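Before any comments, here is the structure.
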Amino acid sequence: MFEGWDNYFVLLGTASAGLIGLLFVVITLTSNFERSRALWAAGIYMTPIAVHFAAVLTISAIAMVPGLTPRVVAVLVALMGLAGLAAASRTCLGILGITKSGDPPHWSDLWGYGVGPAATYVAIVGAAAAIWLGLPWSVYALAAVLLILLLLGIRNAWDLITWMAPQGPKPPESWPAKEEPNSPAESDQAT
């Protein structure tokens, strides 16, 4: 069923694995954030990105396993799609919970982190059903949906890092306060 698709699924799987590794680098940026805030944000924003990359990696690996029947592939892909849909639904609920707080998220967060991935996981389950039925376009559908999920993960990772980087870590209270340098005018008067 997946004959001729080897390079495509290897490419998607490799890209996903590499991006999972880069997420660990991003996590180091949160090392000086307040712990409760970092854990809360990781659960709503960082974990779903890792789930998306892991789903692309796993489904790509499933597609490459020799000897699996189309029905076994369909069941495994559908299970991954349902797990991803559950994670995306959890993200939607988390973002909606933030909306009720005093610091609402950007309007695109619900769509980029929740609704878009949820729709993509529904499409993955649909592609799994097409594989089960042996429809000739099913592999094309799965390939397209996995690419969309990978791109959503990249978009969300970029969005997260561009939000985190300007925030910068807060120095611990035990650090000494920095003295402000003298202005050039004050330096001239002192001499």
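Annotations for the structure displayed:
- Spin-label pair W111/T162, simplified geometry with 7 Å Cα→Cβ offset, distance in nm: 1.5
- Note on Y8, Y45, Y113: ascending count of other Cβ atoms within 10 Å places them as Y8, Y45, Y113, the fewest first.
Laboratory data are not the source of any read-out in this text; all were calculated from the coordinates shown. Everything numeric in this text was worked out from a predicted model, so none of it was measured. Heads up, the Cβs are rebuilt from the backbone with ideal geometry, glycines too, and the neighbour counts pull from every protein chain shown.
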